[in-house]
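Down below is the structure, laid out as structure tokens.
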Ligand SMILES: [Mg+2]
């Protein structure tokens, strides 16, 4: 059929779509702020994290820890897991905080033992016991911690060390790696090795400018690194003679998020390309670059109201939680792993249908079994004769249920291993939403795998939240 003039261009494939928790009309957004690392600049996680891991491991080795044989494993940890500092475990929890899968060190805890450990314990991030892995930067830290838990259990580290003390040392080693700057210097010198190119990023940002939006960069990275990375990902794709600096109306580096959203830190103006600073003596202005500062000052000085600002970042806490909670900015979370997750869900779609049909049949048969059983008890209580063929019916149902379970088990276990064989999907915990999914729906108005997914939607899109389903939307048990 020929395309009609009002047919819109095709939307991206499912894994590149924008998903919406709260309706967001992009036309009412005046300024779009972006985080840099893992938002505008996507690193090859495997290479970056392996480097961070190796450096932190070397730090521990220098302390005399027997970590020489430990090896990096990019698949061991996924975003959204939670470290249990009390027990030395890594857990995945449902949206209510129920633990649905757990590892002690690097070993899976079997279901019975897991139930013993956690049947009375809910994950609650306000307690210091739990550490939420809410950024890709925490993957190497969690792996190294799990491996060190194994060493501690085998008596190879200082006896009497608690898991919580162990975590502090591992965390310190990883933090040092990030703070030292050696890794960043290596990346800045060799960005094409570390950065995944995205040819659609520059056109996406330019479209936002064409539509009159102000673009802001608010990053925790320092000026020299920011310059090197932004220039690497954007300059070659811009018209000659222009650079990323002309694309962004405002830059804030060394922002110290989440403090940027929480506090009153003063800003310094960057007055030269090599990063010379002077104290800010007048209000923040467009076309300037700053070090530090804070979000309230930015709103006031640039005359922006909260609902006119969209902030896009990859860190669930530092980027979207605080900006949403305290300032009510509109928020979008970048979750690169969604591409793998959505593709895995898509490829399992037919089997998921099969599983759902089998589960519905199981519920129906169980209901028949319950009805038969209560009919027998009622008859016994009144001295009446049991239902005709009671035993035949009962054993028939039992056999059908056993046969059904045999079909369900492999499908259910395959569903639990989608995208990652140890942990399954990031966003689901069994049939429920995961803890990560709950945090995400609470603080991110929208989420998507990369900034450039907006290109196909245009800067004028009205992103509407879908109607959500509730348990009572489904047919009740036993209905046709
Ligand atoms: Mg980031």
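Before moving on, here are some points about what is shown:
- Calculated mean residue ellipticity, 222 nm, the chain: -12500 deg cm²/dmol, from DSSP H runs (n ≥ 4) at -39500 (n - 2.57) each, averaged per residue and rounded to 500.
- When the alpha carbon gyration tensor of segment 371-433 is reduced to an equivalent ellipsoid, its three semi-axes come out at 41, 14, 5 angstrom, largest first.
- Packing here is the average count of other Cβ atoms within 10 Å per residue, and on that basis the peptides 303-315, 354-366, highest first, run 303-315, 354-366.
- Cα-based shape type of segment 89-134, given that a ≥ b ≥ c are square roots of the gyration tensor eigenvalues and the cut on a/c is 1.5: oblate
- Computed over the alpha carbons of segment 1-85, Rg followed by Dmax gives 22.0, 71 Å.
- Axis angle, to the nearest 10 degrees, between helix 349-382 and the longest C-alpha principal axis of the chain: 40 degrees.
- For segment 338-465, taking the reciprocal of the average inverse distance between every pair of different Cα atoms yields a Kirkwood hydrodynamic radius of 18.7 Å.
- Cα centroids of segment 31-96 and segment 421-469: 22 Å apart.
- Acute angle (nearest 10 degrees) that the helix 45-62 long axis makes with the longest principal axis of the chain, alpha-carbon atoms: 80
- Calculated over the chain: convex hull of Cα atoms, volume per residue (Å³): 209
- The Cα center of segment 127-191 and the Cα center of segment 309-381 differ in position by 31 Å.
- Relative contact order of the chain, defined on C-alpha pairs under 8 angstrom at six or more residues apart (%): 26
- Averaged over residues, the count of other Cβ atoms within 10 Å places the peptides 379-392, 101-114 in the sequence 101-114, 379-392, highest first.
- Ranked packing of 413-419, 146-152, 94-100, most packed first, by mean Cβ within 10 Å: 146-152, 94-100, 413-419
- Angle between the chain longest axis and helix 201-210 axis [Cα atoms, degrees, rounded to 10]: 70
- Three-way shape call for segment 123-188 based on the alpha-carbon gyration tensor, with the a/c threshold at 1.5: oblate
Quick note: the coordinates plus some simple rules give every number you see, no bench work behind them. Please read these numbers as outputs of a predicted model, since none were measured by experiment. Neighbour counts are summed over all protein chains in view; Cβ atoms, including those assigned to glycine, are modelled from backbone coordinates with ideal geometry.
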